[in-house]
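Notes follow the structure.
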There are 2 protein chains.
Amino acid sequence: MIKNMTEDEITLQALKAIIENRKKDFEAIVDELQPYDVAKLYESFPIKHKTRFLLFLNAHLLADLLEELDTDQQLEVLNKLGVEKTGKVLDLMDNDDLASLLEELSPERITSLLSGMKKEESKIVQDIMNYPPETAGRLMTNRFVWIRNYYTVRDAVGKLRSFADFAETINYLYVIDEKRRLVGVVSYRDLLIADADEIIKNIMFERVIAVSDMMDQEEVARMIERYDFMAIPVVNEDNVLMGIVTVDDIIDVFIQEANEDIEKLSAAGKSIDFDTRAFTAAYRRLPWLILLLFIGLVSGKIISSYSETLEKVVALAFFMPMIAGMTGNTGTQSLAVVVRGLISTDIDKKVIFRLVSRELGVGLIIGLTCALLISVIAFIWQGDLILGIVVGSSLFLTLIIGTLAGTVIPLVLYHFNIDPAVASGPLITTLNDIFSLITYFGIATLFLNQLK
Amino acid sequence: MIKNMTEDEITLQALKAIIENRKKDFEAIVDELQPYDVAKLYESFPIKHKTRFLLFLNAHLLADLLEELDTDQQLEVLNKLGVEKTGKVLDLMDNDDLASLLEELSPERITSLLSGMKKEESKIVQDIMNYPPETAGRLMTNRFVWIRNYYTVRDAVGKLRSFADFAETINYLYVIDEKRRLVGVVSYRDLLIADADEIIKNIMFERVIAVSDMMDQEEVARMIERYDFMAIPVVNEDNVLMGIVTVDDIIDVFIQEANEDIEKLSAAGKSIDFDTRAFTAAYRRLPWLILLLFIGLVSGKIISSYSETLEKVVALAFFMPMIAGMTGNTGTQSLAVVVRGLISTDIDKKVIFRLVSRELGVGLIIGLTCALLISVIAFIWQGDLILGIVVGSSLFLTLIIGTLAGTVIPLVLYHFNIDPAVASGPLITTLNDIFSLITYFGIATLFLNQLK
């Protein structure tokens, strides 16, 4: 019915159906929409009609809707639903989505919500929440279909039929033995093309690639990306099948990890988005800024120790911001290359040696180019050849130092299992500031008598 | 056979099979491995045994292997294969992977490779390569199964059986009408649970979500992420089904886009990884650095215009790097928040107003905190209350300016359809450097007679 309608037309039809209390028509519309679109529709509704919107949805659709909403709106929906219906809806939600909803709530609220659910469902959610954050166990869902290795294809299809509701997005069946250990995998396609009386054991693929429940989510993401899987099974230390992680959650992991890298590299503060309040955002950014303030004071102290030189040749101050800025920037360039490279490359001595010598080469080339350029400019501008040489040779040295610091420091941190993205920024800025000022004023002091 | 072996044991077994010319055993090993693992195995092999490794693989496995290798290694394999076998293997490769392999080659080489392929396959690849880079058309593959709406479920399963080879990873069948227009979609699960005599038209889902072949890959990625799809169909302007984009390619898009954002934000230069040569990396980084060098000279020019002030109070130089650094850093913090936020948020006037006032609030809070801190420190260090006031009030103003510049500039660029990540970095650095120095020396000159 709504096949060729625009979004606005659909919203209008749905709103009319709600206002005129036509439940059937409303259901017909929602039935053809994707969960994401139902959520958008709900969000666009005027507040006074939202309650009936929810009343017109069955528990399955409510569960789908909840999975797509923000935490604030999830809580709004739960408040409107009432205790009894809430329990039913939570039972139907994907465990991983439910776990991340509950995460945001107070312990009392969690207990009250879980108490409304079926025992076995609430137990599963609690088990997931017991895993450390950012592990495979925390990401996994139990919304998948397992079968036994002695089943026939007919048995398997039968089981699939009865669990059809939540077996939509994954196209594998996982095969377990009597101890619930993962022993094989069969794709829906395999089932479709196999004979109905065939035994699963004979058609299943045995070398199943699985991840441990304690594996870091970044590593799980890398496994799925490498193998182009739609889902990967999660097992405990006894190879017992605990759940599966699906590719849609992995996309969220990739986005989250990239955002974290950017936050760390730009020292932008953790988890600040458009909705964060000013006070919270300032609070999260201040530690970095105060650290940088003290780093700036160290630079000031170095400059002050050369104040005699500076007093004699004030022109030295003109080039100070340029040298410090350039050194900082080369350091950041190298840092970004190393941090992103570490994600996809396995590191060994050969790789490190090649990378460091490459960056040394880069430092030499850009150092030489920029140094020649600035020497000529400084000479023309200030009419002082020696000043040109001082500025040029300083820039040459500091660019090499900056490049190497930006390469070596993250590698050393990585070696000691410290996240190179978070720790390198301030460290590299400090060291590069200090090195560049000492080099610059050191060289200038050497030539002090020759400078005009 | 190799089910419980470690990677090293598998490599050893495979190597032994190759050396002892036992093709059957080698095939049995490779048969249980994922394509990614076969590629790793190939890479780990000594060069002198690689040719036989390839000889022992059939065309299907060779196509899988090629899809997993780097360009350099792909070319190595093609050279070893010879013209005739190459044609067969290329026919079997995913078109999108083949297109990105060909992209790297010279026009003559492309023509010669395409001429060895089946006409219809080479036509499809050429069509894909005719799409602009980073569009849905360029990402799509034709390795999917389409059916007609008048088919029965039995027909559909029959067709699926005959195309079983490449219908592994996607669990939908796309339904087209007599003009090849996309009219519906059926999941494998729907087929499994439906009656064999049911007509596809009656069980298919009609409100298919598809993307246009000219859509930007970032938008395609966002669609798949929103709807948690495993694949999305691609249609042309007449709604004719052209191909599908699968979620595994979308993961690569997300990684690529995140890397590009990081490259731009840190001005690290395009596509530099661990394997880029020093000269190339330096060449890609230099434009930014030379731009920054001239920006640095503008700062120098500003300082030189205040050289009288500076000569009288050399201590002013001590705080210069700190003020410039802090202003630059707040700008970058705001920029990172805005650039990442633009990816996931729809922008309207309300959002912009809220964001800008939030950042103004942030600027006030961090400005006030840092200004008080530095006033006290400057007073204690230099024993000059007026200097403390000059440095503190300058920092207060420049932090507010830096925060606002980092917020407003990317939003303005975004409004004019310029990528905020690439253009903002140097712009924000320049403006913040200039503003901060003018503010600092301007205030200092006002108080010049009171300063010690």
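List of remarks:
- Residue-averaged beta-carbon neighbours from other chains (10 angstrom radius) around B:307-320: 5
- GluC sites (Glu not before Pro) restricted to DSSP loop in the stretch B:140-227 with at most 16 other C-beta within 10 Å: B:GLU168, B:GLU178, B:GLU198, B:GLU206
- Across the options A:ALA258, A:PHE318, A:TYR36, the greatest Cα extent toward the positive end of the charge dipole of chain A (unit charges at beta carbon of Lys, Arg, Asp, Glu) belongs to A:PHE318.
- Peptide B:219-228 is shielded by partner chain Cβ atoms: per residue, an average of 4 of them sit within 10 Å of its Cβ.
- Global geometry of chain A, whether rounded, prolate or oblate, following the gyration tensor of its Cα atoms and the 1.5 cut on a/c: prolate
- When both bridge partners sit in chain B, DSSP labels roughly 75% of those beta bridges antiparallel.
- Extension reserve of the A:GLU32-A:PHE205 stretch, reckoned as 0.36 nm per residue once the Cα distance is removed: 58.7 nm
- Size of electric dipole in the stretch A:146-261: Cβ of Lys, Arg +1 and of Asp, Glu -1, about Cα centre, debye, nearest 20: 760
- Within chain A, longest stretch clear of exposed chymotrypsin sites (Phe, Trp or Tyr not before Pro) (DSSP loop, no more than 15 other Cβ within 10 Å): A:164-415
- Cα-based shape type of the stretch B:278-446, given that a ≥ b ≥ c are square roots of the gyration tensor eigenvalues and the cut on a/c is 1.5: oblate
- Think of the protein assembly as shown as a dipole: +1 on every Lys or Arg Cβ, -1 on every Asp or Glu Cβ, centred on the Cα centre; then among A:LEU372, B:GLN333, A:LEU241, A:LEU372 lies furthest on the positive end.
- In this Cβ point-charge picture (+1 for Lys and Arg, -1 for Asp and Glu), the protein assembly as shown has a dipole of about 2000 debye about its Cα centre.
- Applying the criteria of a DSSP loop state and at most 13 other Cβ atoms within 10 Å to the GluC sites (Glu not before Pro) of the stretch B:1-84 yields B:GLU20.
- Shape call, the stretch B:57-104: gyration tensor on alpha carbons, a/c limit 1.5: rounded
- The stretch B:32-55-the stretch B:202-265 distance, computed between alpha-carbon centres (Å): 32
- Semi-axes of the equivalent ellipsoid for the stretch B:1-116, Cα gyration tensor, largest first, Å: 27, 14, 12
- Taking all pairs of distinct alpha-carbon atoms in the stretch B:146-261, Kirkwood radius in angstrom: 15.0
- Helix A:420-446 vs. chain A, principal-axis angle (Cα, 0 to 90°, nearest 10): 10
- R0 of 22 Å, Cβ-Cβ distance B:ARG109-A:ILE347: FRET efficiency to nearest 0.05: 0.05
- Here the relative contact order of chain B, from alpha carbon pairs under 8 Å that lie six or more residues apart, stands at 10 percent.
- Its relative contact order, with pairs defined as Cα atoms under 8 Å and 6+ residues apart, puts the stretch A:278-446 at 34 percent.
- Charge dipole (the stretch A:78-175, unit charges on Cβ, about Cα centre) - positive-most of A:SER115, A:MET140, A:LEU160: A:LEU160
- Placing a label point 7 Å from Cα along the Cα-to-Cβ axis, B:ARG148 is separated from the same position in the other copies by 4.5 nm, shortest listed first.
- Each other copy holds its own label point for A:GLU178; taking that point as 7 Å from Cα along Cα to Cβ, the gaps run 6.0 nm, nearest first.
- Note on B:THR71 and A:ALA196: with the Förster distance fixed at 56 Å, the Cβ-Cβ geometry gives a FRET efficiency of about 0.80.
- Net dipole in debye of chain A [+1 Lys, Arg Cβ; -1 Asp, Glu Cβ; about Cα centre; nearest 20]: 1040
- Per-residue mean of C-beta atoms belonging to partner chains within 10 Å, peptide A:184-193: 5
- Pairwise FRET efficiency - B:ILE418 versus A:ILE19, Cβ, R0 = 45 Å, nearest 0.05: 0.55
- With a simple spin-label model that places each label point 7 Å from the Cα along the Cα-to-Cβ direction, the separation between B:SER357 and B:GLU311 comes to 5.0 nm.
- Ellipticity at 222 nm from helices only: DSSP H runs of n ≥ 4 in the protein assembly as shown, each -39500 (n - 2.57), divided by the residue count, give -22000 deg cm²/dmol.
- Cβ-vector label at 7 Å, A:THR51, separations to other copies in nm: 8.2
Quick note: the coordinates plus some simple rules give every number you see, no bench work behind them. If you're wondering where the values come from, they're calculated on a predicted model, not measured in any experiment. A quick note on method: Cβ atoms are made from the backbone with ideal geometry, for glycine too, and the neighbour counts reach across all protein chains shown.
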